[in-house]
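A short worksheet on the structure shown next.
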Amino acid sequence: MKAALLRHSDTPFGVFGYLVLFDDRGERVAYWPTCEDDWRDNKPGVSAIPAGVYDCVRVKSPKFGDTFEVADVPGRSLIRLHWGNTEEAVEGCVLLGKRFGSLIVPDEDRGGIRTDKWAVLESKKAFEEFRSATAGLQRFTLSVEWAFGNWRRFIPEEG
């Protein structure tokens, strides 16, 4: 089995895309909407991971249980696929959902001010589907791609 994380939106509310699972013949098995942290040059704990090809290895997370960790991300560790709704629920990880939507949450980028933010919804249900689809697997290859390239590299960081 292989997977692709196809990012289509890099927004002030996080990075959004789809995680797609493929069987050994390259046929799509399943897919889920995703939410990640903003792109911040791969800084640990606050950034989405760089585009590239990674090994995903089954792990047992104290908080999320049986899941997969994205291995060998340069300068990073503990990048996991798990449930949650907005970028506030991750520290560089990837959230899975059933659909895109929005939620009013304390915005980490605005000092905790409650903000209507883009989100992935029905995340625990999506995570259970992901676990079912990957049952019996110990690892798979993950290709991480930007639909439009990483446009932020042309814009200087603020502050």
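Couple of notes before you dig in:
- Qualifying positions in region 66-109 - part of a loop (DSSP other than H, G, I, E, B), more than 13 Å from the chain's Cα centre (by Cα) and β-branched (Val, Ile, Thr): Val73
- Checked against (1) within 29 Å of Asp23 (Cα to Cα); (2) touching a helix residue (DSSP H, G or I) at 6+ places or on another chain (Cβ under 9 Å); (3) modelled with pLDDT under 95; (4) not small (Gly, Ala, Ser), Lys63 passes all but condition (2).
- Close pairs from region 1-28: first over 16 Å from Trp146 (Cα atoms), partner of a type in the set (S, T, N, Q), Cβ under 9 Å, at least 6 apart: Met1/Thr134; Met1/Thr141; Lys2/Thr141; Lys2/Ser143; Phe13/Thr86; Phe13/Ser102; Phe13/Thr115; Leu21/Thr134
- Restricting attention to region 30-65, the residues being among the acidic types (Asp, Glu) and more than 12 Å from Val15 (Cα to Cα) number 2.
- Only listed residue being under 24 Å from Lys117 (Cβ atoms), surrounded by fewer than 20 Cβ atoms within 10 Å (Cβ to Cβ) and of a type in the set (A, V, I, L, M, F, W, C), chosen from Val70, Val59, Val29, Val46: Val46
The values are calculated or read from the model by the stated rules, or taken from the named source; none is laboratory data. Given the structure is predicted, the values throughout are model-derived calculations rather than measurements. We place every Cβ from the backbone using ideal geometry, glycine too, and count neighbours over all the protein chains shown.
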